[in-house]
Structures are given as structure tokens and as C-alpha cells.
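Input: a single structure, listed below in C-alpha cells.
The values are calculated or read from the model by the stated rules, or taken from the named source; none is laboratory data. These numbers come from a predicted model, not from an experiment. Here the Cβ positions follow ideal geometry from the backbone for every residue, glycine too, while neighbour counts run over all protein chains shown. Side chains included, ligands, DNA and RNA excluded: accessible areas come from the protein's heavy atoms. Shrake-Rupley method; radii C 1.70, N 1.55, O 1.52, S 1.80 Å.
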Amino acid sequence: MSSPSDFDSSDRSHGAATRRQALKTLGLAASVGVPMLTPLIASGSASAQTTDDYKALVCVAQFGGNDQSNTIMPRSGAAYTAYQTARPTLALSSTSMLPITPTGFAGPELGFAPTLPGLRTLFEQGRCAVLANVGSLVEPITRDQWRAGTRRVPRQLFSHSDQYTIWESGLPDRTSQSGWLGRLGDFTAGAFNPNSQISLTMSIAGTSLMLAGDQTIQYQISAAGVERVQNTSALYGSAAGGAALRQLLTRQGTSNFENSLTNISTRALNNASLIEDALAAQPPLTTVFPNTGLANQAKMVARLIGARRQLGQRRQIFLISSGGWDNHGSIVDEHPGQLSQLDGAMSALYAATVEMGVASSVTSFTASEFGRCLQHNGRGSDHGWGGHHFIVGGAVQGRRVYGSWPTVALGGAEDAGNGALVPTTALDEYGATLARWFGASTAQLSTVMPNLSRFSTPNLGFLP
């Protein structure tokens, strides 16, 4: 393994709009010859508020489309029979499910998948909530309106890339260069993190449109720490070569473009050291994280939360992710393991926030481009629309099922075909509820989620 260097290939810092334009130009140049510089950007600050409260959002992305019908299921009576009839080769036995007892719920008896023991415990403790049948919507729509084609629907429905892009942007009816969490960062970075040179939005899962705002540009870091591409203390074993490289990266030039690139590079070098020093100063966590890709990302989130004061951040937004949820023919074999990894990562992250004394200040939530069809295709299920999601944290009004629980049966009231669910709760409402808790004002929500006014519940109530 090569030794770390001073050049951070993952710097995504909060910066001014003019610098963002420079970065776009830089990105074009990078595609034809300087890829090591593409991720770098500048940082800035705005006026501060006087309070020192802290809040963080952690988006847990499930790439591929989670099968909601084998995640949270009816477990008794006619509802279970309908579920079992719809997917005879996939249905879980009622005795294997982990029973939950949601407060004020008038639907069927429900259970979590057997590989979700941690989330089930948090649910019963009131620290986890379920949001039922949420998805991308242009406007409210019923099954009959869907079949009649009388309402607008998201572009390229059922397409992985298009639907995840919609979950990132929050805009199902038009393209966007920003994401809803990035736009949330635009409103909150200057107010809460005025002196931080590290971006409010941080990805441990690669570049994401979701974290990009008009001024906020994400900082990328790996689960192992700051990623370096070149050691500037030496180049090919030469200290003189390393010094020359560093001088090249940080020297002032004769054009605005060259100077913008220099500022970006210099800030990247400084931010790499700042992050590493802040992480190194934290005492080790006693919380044990499973040794999985998703849990290792969650552990880095916990470490960055622990370093929040050193980084000058009273607001943080994180993205972690796992793939492998596109189970067309492998729900029986692979889905339980995927859920187990989700369970381990989210449960350990919550435990770490308890250890650090910030459980009520950190909210984790799941995201996936769509749910899946109830209709089985042998050993899997095909692309759907609406799905169920988890929200975890000390502030969560848990042990509840929010939204509208669907009829889990082929031909049910929400069946768009083959048991794909027509969503009854919009992504807009989901995101707005999270953004309001994070600090966005009612007026700002219309920018975070521009189509929010089309829907009836801008606050779903799972956060205070």
C-alpha cells in the first residue's frame, strides 16, 4: 500500500457560485487530461447564528431497489394469506418474522424480516419509524388515474438510473444540477457552519447529485479515511520532485482560471490535513461496528460526527450506500444478507450516537430508487414503484408506521400492475419532513423540494 500524501482527491467543500462555475470548467478539462483534480473545489462561509445546537442527517442509500414486500410484511390472518398467495416462492413464514407493535396502527399485524433484529429493537424502543409506500411523484395519483393516464408521472418510471436521479434531485418532472440535500446545505451551511472550511455535505459513497447544491459541493472521503492520490513530499522517490509538484499545484498564475485551480488545490491540501488531524484527535469508539462495507462507512460517519467541533460544524449531512438490491432472481439467496448489513450498520451508528451523547441530534434514513413488484418471478421480483423506508434516531417519533399502509395483495387498491405500488406518500413530503427538522424554514422548503406545494402533508410527523 502506498503511503498517504498531502493531495486529497476527494475535496468537496462549500463554496461560492462563481467558484462552482470554475469547477464545472475544471471538470471538463479533467476529463481530457487531469482527472486527479476533478474532485477539488473551494470553500466559503456566511453569517453565523448564535445558537450552538447540533444536527446531522445520514442518508443510507440502497442501490438497486429494495424489495419492500420481504422487508416489512403482514404476518397473520387474511393479509398474510394474500401476501403468501402473491409470492409463493418468496414469502417468509409468519413464524420467522420479527413481530412489531406499532402505536396507533389500524392495519394488519406486521413483522420485520428475521435479519432485522437491531431495527426491530429500535422500533419497539421508539427510536425507529417506518414510512410506508413512499416514492417519486409529480403529483398525487391513484391506481385508477395511473391506469387511465390522466395524471403526470415521473419520467422514465421503473428505470434504475432515472429513478435514483429523481431521488437525488427531488425533481421527477425535470432535470437538475443540484440535489435536495445539497439545496438544504445551501440554506444551512452559512448559518450554522460559518467558519468551517469543510463542506456541510460529506459522502462516504462516492459522488452523489443528492449532496450537490447551487453553492454546496460535497466533500468525499472513504470509509478508511482521506483518499490521497500523490505524495507531495516526494515524487518517484525525489524530494525535489515532490516539492516541484506541490509548487505547481499551489502557485498563482496569470489568469482567473489558473488562480481558481490553484485555490482549489491549496484548499484541498489543507483540508486533507484538517480532516486527518480532527479524526486522529478523537478517542476510539467502544461501539462495535460489523465488518461490512456499509457498516464501515457508517463508522466513518460516526468518527466525523465525533470530530464536528474540530471541524467547526454544527450541521452535517452524510451519504453512505450499499449495492446489490436489484434482486430479480435472488431474493431468497441475497436479500436476507443485504438486510442484515443494513440492520448492522444503522443499529451500530445509532449506538455510537448514544455513546457520543448526540443520539437526539442525528437522524438516519433510507433511500432507494423504487420498491419492487409483489408478484414473484420465481426467485425474485421485478422493478416496482413505491416502497417502505426506515428512519432512525433519538429524535424520531418511533414505534409508528407513517404514511398509508398499502394492501399487500395482487389487484389491491394501490396495484399499478404486478403488485407494483402506486405511492401514497411523495418523496417531497419525506424530504421536507427531514429538512424542516434539520433547520430549513417553511419558506426554504419550497426550494429544497420545489414541488412540495402539490402535496397535502409537508410534515409527516416522524420528527418534532
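Using a probe of 1.4 Å, the accessible surface attributed to Glu276 totals some 70 Å² when neighbouring protein chains are kept in position. A crude spin-label estimate for the pair Asn291 and Gln125, with each label 7 Å from Cα along the Cβ direction, gives 2.5 nm. The calculated FRET efficiency for the pair Val354 and Ser453, based on their C-beta separation and a Förster distance of 41 Å, comes to about 0.65. Heavy atoms of the protein chains alone define the surface here; on that basis the range 336-464 has 29 Å² accessible area per residue at 1.4 Å probe size.
Taken over the range 330-464, the convex hull of the Cα atoms encloses 117 Å³ per residue. Estimated at 0.36 nm per residue, the fully extended path between Ser441 and Glu139 surpasses their Cα-Cα distance by 106.5 nm. Taking the charge dipole of the range 83-207 about its Cα centre, with +1 at Lys and Arg Cβ atoms and -1 at Asp and Glu Cβ atoms, the residue from Thr150, Leu137, Gly179 reaching farthest to the positive side is Thr150. You can think of it this way: the chain between Gln252 and Thr89 has 52.1 nm of extra reach, that is 0.36 nm per residue less the Cα-Cα gap. In the frame of its principal axes, the range 119-158 has Cα extents of 43, 20, 15 Å, reported largest first. Other residues within the sphere of radius under 13 Å centred on the Cβ of Ile331, judged by their own Cβ, net out at -2 (K and R +1, D and E -1). In the context of the full set of protein chains, residues of the range 105-240 present 37 Å² of accessible surface per residue (probe radius 1.4 Å, heavy atoms only). Other residues with beta-carbon under 13 Å from the beta-carbon of Gly398 carry, at +1 per Lys or Arg and -1 per Asp or Glu, a net charge of +3.
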